[in-house]
1. Any residue in segment 250-263 that is in a strand (DSSP E or B), modelled with pLDDT under 95, among the hydrophobic types (A, V, I, L, M, F, W, C) and more than 27 Å from Glu191 (Cα to Cα)?
2. Give me a count of the residues in segment 122-143 that are surrounded by fewer than 22 Cβ atoms within 10 Å (Cβ to Cβ) and at pLDDT 95 or above.
3. Which residue out of Ala485, Ala511, Ala480 is at pLDDT below 75, at negative phi and among the small types (Gly, Ala, Ser)?
4. Could you please find all residues in segment 205-229 being touching a Gly at 6+ places or on another chain (Cβ under 8 Å) and of a type outside the set (Asp, Glu)?
5. Tell me, which strands (runs of 3 or more DSSP E) lie completely within segment 57-168 with 2 or more residues that are of a type outside the set (A, V, I, L, M, F, W, C)?
6. If I ask for residues that are touching a Phe, Trp or Tyr at 6+ places or on another chain (Cβ under 6 Å) and part of a loop (DSSP other than H, G, I, E, B), which ones from segment 198-249 would you list?
7. Output the number of residues of segment 390-403 satisfying the condition of being surrounded by 16 or more Cβ atoms within 10 Å (Cβ to Cβ) and modelled with pLDDT under 80.
8. Could you pull out the residue among Thr341, Thr293, Thr307 that is in contact with a Ser or Thr (Cβ under 9 Å, 6 or more places away or on another chain) and surrounded by fewer than 20 Cβ atoms within 10 Å (Cβ to Cβ)?
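The values are calculated or read from the model by the stated rules, or taken from the named source; none is laboratory data. Small disclaimer: the values here were computed from a predicted structure and weren't measured. When we count neighbours, we look across all protein chains shown, and the Cβ atoms used for this are built from the backbone with ideal geometry, even at glycine.
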Amino acid sequence: MRILHFDLKEISGDAVELRSFGENPNAYDSRSLALGDIATLIRQAEEGYYVSPRLQADLATTGRHLFRWLDGRDRWLVQKLGESLGEGVVLAIAVAGRLAHLPWEVLHDGAQFLVQRLPAVVPLRWAASDQVTRLTIQSQPQNRALNLLFMATSPQSVTPVLNYEQEEAQILRAAARTGIGLTVEESGCLEELGYLADRQGQGFFDGVHLTGHATLWEGQPRFITETATGEAYYASAREIASTLQPPLPPLVFLSGCRTGQAAEQGAVPSMAETLLQHGATAVLGWGQKVLDTNATSAAAALYEALTRGKSLADAVALTYQALIEQEARDWHLLRLYAAKTLPGALVKPSNTLGWKPAPKPSMATEFLDPLTRKIRVPMRESFVGRRRPLQRCLRALTTDPETIAVLIHGMGGLGKSSVAARLCDRLPQFQRRVWQGRIDPAKLVNELAKMLDDRSLRLRLQDPEEELPFRLRGVFQQLAEQGAAAFLLVLDDFEQNLEAEGTGYILKSPAAEVLKALFWQFRQPIRAIG
């Protein structure tokens, strides 16, 4: 695609200078445009365009008005675009202040939206500066399937609650033919996202897709992620960039309302533009509130095109065209931002010699009990669909000082051990101690005594003449004195400690004795575990 640069700056209260050029920023054409000619559009951008849904006819009228303003009486823009006949064009538009609010995506030549042309003309919001004088297309496609890191955030306190699995499923369906390496971070937490990004290493992911809600918080754009326990965390662009660690993947899609909207009449940059300032190459965002169905359709169309080896600009054009064909209400709110370079194709087509398909989703397992290696559970990247139970457990153990234990119950094979394993992962400050099946006082004390350094103390703590609660207190006191790390005690396969009675179950006597002694100890002044 060819790049045509437009740099618009207000030079007085009623005029704008438009500098346009192709490859050489020093060989530019200059024009003066009257702000009064689009005063109505500027006002509508603040008052109406972002408030009520716009009909396609209204969008076309707005797009024609904006096009005629740029084109002038001498039809300058028509001539410029005619020079690229048969070739796609990226219209890199650098704007600031009130002009940033104008809906450049709906530019309309009188016959159709520019994004509908074949080849398309794709408006791009160019973050120009004194150091960034032109935009270049950089293409280093990988000969493999597209690798995408996906995270959906939906804090329980933020409404509406998102169906965060729908967008993931739609992306996979759209890319089914060519395949996509989709790595899903299931918690909605930035810290966990960073863990997955670090594990794969720099250069592995071609894109990061964050779906959720965004807003202005304390006057600055924020993407609402989740804490480990499911509360809302208002993440800044800087925090997102720091989590992903520069160099960031070539594409970041902030699929959240207002991520592509500048605030305070353009005085506050959008979330997408701010992310460019922190090292992102290209960012997609939404200019206002957007229907979930439109956002999902956009993601599906975009990644389907990228997996086929299309350039980013071509993929965005195809996304616009697909949304318009579907009569998607909010198609025009999708905005592409770039600063220095615009990525070309991220991967090569699947029919390229030597092309590597995406690996099948990992079903590998690890062990809940790494010492005995008896209890298999899914590895972190295979663990999905248990966000809320895990968050409830974390919230109970870390925020309520009266909570000394959590009970994870349900039928066999539904993932209770997997939740327990992930709970241990999320509490790395605690050592993991796992007992499986039947428990009794002697076994519990013996296992705990193994943690003591002093052999004579271990023997004394195994004295059967002393009552179990006091032997446990001795264990915990000695562990505290020797500075032992706190631990999580996981009782797995606990149904072996139950016996039927009537229509229900009761604890067997040894298990009841152990739990009673443990709970007594946990409430003593010396606390060995949180």
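1. Going through segment 250-263, the residues in a strand (DSSP E or B) turn out to be 251-256, 263.
Now drop any that are not modelled with pLDDT under 95, which leaves 255-256, 263.
Next, from what is left, pick out any that are among the hydrophobic types (A, V, I, L, M, F, W, C): 263.
From what is left, the residues that are more than 27 Å from Glu191 (Cα to Cα) are 263.
Within segment 250-263, one or more residues are in a strand (DSSP E or B), modelled with pLDDT under 95, among the hydrophobic types (A, V, I, L, M, F, W, C) and more than 27 Å from Glu191 (Cα to Cα).
2. Looking only at that region, the number is 3.
3. On the way: Ala511 fails: at pLDDT below 75; Ala480 fails: at pLDDT below 75.
Exactly one residue qualifies, and that residue is Ala485.
4. Let us first name the residues in segment 205-229 that are touching a Gly at 6+ places or on another chain (Cβ under 8 Å), namely 210-214, 223-226.
Leu210, Thr211, Gly212, His213, Ala214, Phe223, Ile224, Thr225, listed by residue number.
5. On the way: elements: 89-94, 121-126, 136-138, 146-152.
Because the criterion is at least 2 residues that are of a type outside the set (A, V, I, L, M, F, W, C), the strands (runs of 3 or more DSSP E) in segment 57-168 that meet it are 121-126, 136-138.
6. Matches in segment 198-249: Thr227, Pro249.
7. Residues that pass the stated criteria total 0.
8. Numbers: Thr293 fails: in contact with a Ser or Thr (Cβ under 9 Å, 6 or more places away or on another chain); Thr307 fails: surrounded by fewer than 20 Cβ atoms within 10 Å (Cβ to Cβ).
The unique qualifying residue is Thr341.
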